[in-house]
Amino acid sequence: MNMKRRTSWIALAAVAMLAASGCATASSADDSVAELDPNEPVEIVFESYNIGQAGVWEETINTLIDEFEAEHPNVTVTTQAPSADISGGNALTVASVQQQLLAGNPPDVAQLTFDTLDFVANELQPKAVEDIAGRDAVDEHLTGGEYPMHERAATLADWDGRHVGVPYVFSTPLMWYNATAFEAAGIDPDTVDLSSWEAIEEVGLQLADSTGKAPLTVSCLSKVGNWCMQGIVRSNDGRVLSEDRSSIEFGEDGAVGAVQAMRDLYDAGVIENLDSTAQYEAFARGESLMQLQTSVMQSTFMAAAEAGGWELQAAPMPGFGDQSAVPTNSGSALFVFSEDEAKQAASWEFIKHMTSPRAYELITSGIGYVPIRTGIVNEGGPLADWAAENPLVFPNIEQLDRLEPWISYPGNSYVQIDDLLWTAIEESVFYGADVEQTMAEAQERAQELVP
């Protein structure tokens, strides 16, 4: 790693939810900052939680930064990570930027997760990329060119119809499964139906009879899986938040029914109760035989399967009955916080590079995030040959046509709202609480936190 991009760790035990001072200055849609002067040295700071993830995550990002600096020799990119323990929650990444904003020294570019979008847009108030580069330039970057972003991905960092940030990396939930174990249980892994939770129960019971243990783990049922639990709720015609963003709805019939379905699978001996880390470790060891998990685990699971001598396969996220699943995305967008125009210009060039076809060529093949510029896997595209050899990427891409955004809760108490939901789900699914009553009580308490 280049020493000038020395990683800086910021340990945050607790940060008060204070509004960041200052507002982004709006400009007309086609105004833009001055073009980057190739003769003027510029240093920008990039804060990214991927920098804190050793292995392919950090290596891939650093490769992209090296390529950017080679193309822009006057720009130096210094990286820093918000915390050594990103499992502490997505709020840590926001709290890190917020603290630096209050100190008057924010990163120039920050990677922030979509569940914090309401708070980021309204409280941290980044410099909207369309105010920096002009609306036309941002539109062209997102949806123009040979490999445009998928239409459902391109708007994920929009707020009130404006391009506040640029979608960066995300995944969708996939049903990973151990094809070798399926065969041992008398199940054809190539024709098995995993399209619905009812079908999952049938297969799960057969696997449980064969192995003597619960075969399924569901990352959505852990706190860090809040993004994909929203997809399970939406797949049952439920919502966690009303469309007008005023009412919490995870105590209503659709959401309650989705949670009850998970409870029924647990009671039937199909779902095993493990925390998020234990889940993917168990699957990697070949002990958990099915796992609904982020597609970003693709490279990890592929390596584990090869080392363990078993075959990895994947299916799209299950729905309910005959209804197609409605997957939600994980992931993040890139936002600009610099006040300096030269740094803003450099930041925009950097964001373009980090969300370019070349970037997703490396990010998808190296890490496993969905290639949101989906055309790169088609014939003639830079990832066509790789995709042909790695067909596990296609269920991930196919789900984009049904994708709905990861919802961010309104106001400063978005973390507490999500904690209420997660606690209610855990108690309902694993610890015998009455599902309807528990979810209704959580909804009532969460509604009190909505401004």
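Just so it is clear, none of the values below were taken in a lab; they were calculated from the coordinates. Bear in mind that the values here come from a model prediction, so they are computed numbers and not experimental data. Every residue, glycine among them, receives a Cβ derived from its backbone with ideal geometry; neighbour counts consider all protein chains shown.
Would you calculate, for the chain, the mean residue ellipticity at 222 nm contributed by helices, counting each DSSP H stretch of 4 or more residues as -39,500 (n - 2.57) and dividing by all residues, to the nearest 500?
Values: 17 runs with 178 residues, N = 451.
Helix contribution divided over all residues of the chain: -12000 deg cm²/dmol.
Derived scalar couplings between HN and Hα for segment 442-451 equal 5, 4, 5, 5, 5, 4, 5, 8, 7, x Hz in order, rounded to whole Hz, by the Karplus curve 6.51 cos²θ - 1.76 cosθ + 1.60 (θ = phi - 60°), x for Gly and Pro. Rounded, prolate or oblate: which fits segment 262-325, taking a ≥ b ≥ c as square roots of the Cα gyration tensor eigenvalues, rounded meaning a/c under 1.5, else prolate when a/b beats b/c? Note, shape of segment 262-325 comes out oblate.
With respect to the chain, whose longest principal axis is taken over its alpha-carbon atoms, helix 226-235 is tilted by about 60°.
Phi angles across segment 161-177 convert, under the Karplus curve 6.51 cos²θ - 1.76 cosθ + 1.60 with θ = phi - 60°, into 3J(HN,Hα) values of x, 10, 7, 6, x, 10, x, 10, 10, 7, 9, 10, x, 10, 8, 6, 8 Hz, Gly and Pro given as x. Peptides 329-340, 429-440, 93-104 ranked from most to least packed, by the mean per-residue count of other Cβ atoms within 10 Å: 329-340, 93-104, 429-440.
Tell me whether segment 321-448 comes out rounded, prolate or oblate; compute the Cα gyration tensor, take square roots of the eigenvalues as a ≥ b ≥ c, and use a/c under 1.5 as the rounded threshold.
Working: a/c = 3.40, a/b = 1.45, b/c = 2.34.
Oblate, since a/c reaches 1.5 and b/c is not below a/b.
Show me 120-133, 360-373 ranked by packing, highest mean number of other Cβ atoms within 10 Å first. If you can, show how the numbers build up before the last one.
Numbers: 120-133: 22.9, 360-373: 24.6.
My ranking of the peptides, most packed first, is 360-373, 120-133.
Computed over neighbours whose Cβ is under 13 Å from that of residue 101, the net charge equals -3, Lys and Arg +1, Asp and Glu -1. Compute the long axis of helix 341-354 from its Cα atoms, compare it with the longest principal axis of the Cα atoms of the chain, and write down the angle in degrees, 0 to 90, nearest 10. Once rounded, one gets 30 degrees.
All other residues with a Cβ under 12 Å from the Cβ of residue 328 taken together, and with Lys, Arg as +1 and Asp, Glu as -1, what is their net charge? Please list the in-between numbers first.
Details: positive: 152, 234, 239, 402; negative: 115, 404.
Residues near residue 328 contribute +2 overall.
Across segment 270-287, computed HN-Hα scalar couplings (Karplus, 6.51 cos²θ - 1.76 cosθ + 1.60, θ = phi - 60°) run 9, 8, 9, 8, 9, 6, 4, 5, 5, 4, 6, 5, 5, 5, 4, 7, x, 8 Hz from first to last residue, x flagging Gly and Pro. If you fit an axis through the alpha-carbon atoms of helix 56-71 and take the longest principal axis of the Cα set of the chain, what angle between them do you get, 0 to 90°, nearest 10? That works out to roughly 20 degrees. Among the listed options [x] 138; [y] 180; [z] 168, the one matching volume of the Cα convex hull per residue in Å³ as calculated from these coordinates is [x]. Oblate is the label for segment 231-379, because a/c, from the alpha-carbon gyration tensor with a ≥ b ≥ c as root eigenvalues, is 1.5 or above and a/b does not exceed b/c. Taking amide H positions as modeled 1.01 Å from N, with prolines and chain starts lacking one, the residues under 5 Å from residue 159 and 5 or more places away or on another chain are 164.
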